[in-house]
Amino acid sequence: MSGNKTKKKKKKGNKVIKRIIFLLVVMVILFIVLSFLSPTEGEMEGTYNPTYIENLEIPRGGKGEIIEHTGYTLSYSEEYEVPEWVAYELTREEVVTQCVERKDNFREDKAVSTGSATLNDYKKSGYDRGHMAPAADFRWSFDAMNDTFYLSNMCPQTHAFNAGIWSDLEEAIRSIAYEDETIYVVTGPVLTDGPYETIGENNVAVPNYFYKVVLDYSAPTVKAIGFILPHENSKEPLSYFAVTVDEVEEKTGLDFFPLLPDEEEERLESSLDTTLWALKNFDYSLIEKSGEEGLAYTVDTSKESQEADTVISVFWEVFYLFKKEVFSLLGIEDIARSIGLL
């Protein structure tokens, strides 16, 4: 009897050992698979959950009068009769919620205390009234889109530039907002390299360069990028005109995203990686028609969805740290990095 009991105990012990070995093998396989799927060291740079900062898009510097309109803020230069900068937040929801058709309503901006440029300034000038904050970014609201037609939001632009590379960049900004969910945009003319050609009785300046800076301040990858475009059409890809935000600051004399913590601002504004950005025309097939209500977004922007994204982001951050510690203990950190596991 005691022999049978011993055999049963051995069999039971063997089953437990096999189960443990099986679980260990499964865990090793799972660890290896997740190691390939999880972010690498380079991808982890800037990966964290930043806190919301109100008015993050508003720059410092310049001499203009600050004017607030529906959806955007601008600084108007009386000296040049154009905006120094125009700043706004753009979300995925706003990009795909296009419920208002464009209706041109170009007009003076009575909110400018010294008076803005006028329609007569542009009449027969040979230049387009080029939007800084594009009307297409504000089709989520009648008031917002209508406000983009104030001449305080305009600069004289050649038609080839306005309808060409500038339009391409505006499309790319919408693609970026769609993919990154929320971005902060500051745009305008460079006003530090005059004298300039002027148009109209108010001597509206015709800029030589235009800029845009974009900040994605949300998990999983916080990043920033700048663009400086000469006032001429080009067949070059948008990446050709991409620069660091620091370079745009040097060119314009403005301080972008000054409310960022100093270390974050320094890191974000000095780095550039165009591969992280969706520099392409916006895919309008992402928007579905919804009867007489116009165009309505179909993207899940619910609180639950955002919370789920945050949980996933935190999981990858924790797993990355665990993975790095395991490879360090095994002494194979360099090997893991060389084959793309770190």
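The values are calculated or read from the model by the stated rules, or taken from the named source; none is laboratory data. Note that the coordinates shown come from a computational prediction; the quantities given were computed from them, not determined experimentally. Every residue, glycine as well, gets a Cβ built from its backbone with ideal geometry; the counts of neighbours run over all protein chains shown. All accessible areas refer to the heavy atoms of the entire protein, side chains included, with ligands and DNA or RNA removed. Shrake-Rupley method; radii C 1.70, N 1.55, O 1.52, S 1.80 Å.
Quick one: if the Förster radius is 30 Å, what FRET efficiency do residue 51 and residue 284 give, using the C-beta to C-beta distance and rounding to 0.05? For residue 51 and residue 284, the calculated efficiency is 0.35. Converting phi to 3J(HN,Hα) with the Karplus coefficients 6.51, -1.76 and 1.60 and the offset θ = phi - 60°, the stretch 94-99 yields 5, 5, 9, 8, 9, 9 Hz in sequence order, with x at every glycine or proline. What separates the Cα centres of the stretch 220-288 and the stretch 176-202 is a distance of 13 Å.
Taking amide H as placed 1.01 Å from N in the peptide plane, the amide H of residue 130 sits under 5 Å from that of 155, 157, each at least 5 places away or on another chain. Between residue 319 and residue 236, the FRET efficiency estimated from the beta carbon spacing at R0 = 45 angstrom works out to 0.65. When 53, 20 are compared by accessible area at a 1.4 angstrom probe, the order from most to least is 20, 53.
Remark: the stretch 159-176, residue by residue, has Karplus-estimated 3J(HN,Hα) of 5, 4, 6, 4, 8, x, 5, 5, 5, 4, 5, 4, 4, 4, 4, 5, 4, 5 Hz, where x stands for each Gly or Pro and the curve is 6.51 cos²θ - 1.76 cosθ + 1.60 at θ = phi - 60°. Using equal-weight Cα scatterers in the Debye expression, the normalised intensity of the stretch 76-134 in log10 at q = 0.28, 0.29 Å⁻¹ is -1.31, -1.35. Determine the alpha carbon to alpha carbon distance for each of 123/235; 103/124; 223/280; 63/212; 103/223; 110/251 and list only those over 26 Å. Those over the limit are 123/235; 103/223; 110/251.
Compute the convex hull volume of the Cα atoms of the stretch 130-175, divide it by the residue count, and report the result per residue in Å³ as a whole number. Please list the in-between numbers first.
Values: hull volume 2.7 nm³, N = 46.
Dividing the Cα hull volume of the stretch 130-175 by its residue count gives 59 Å³.
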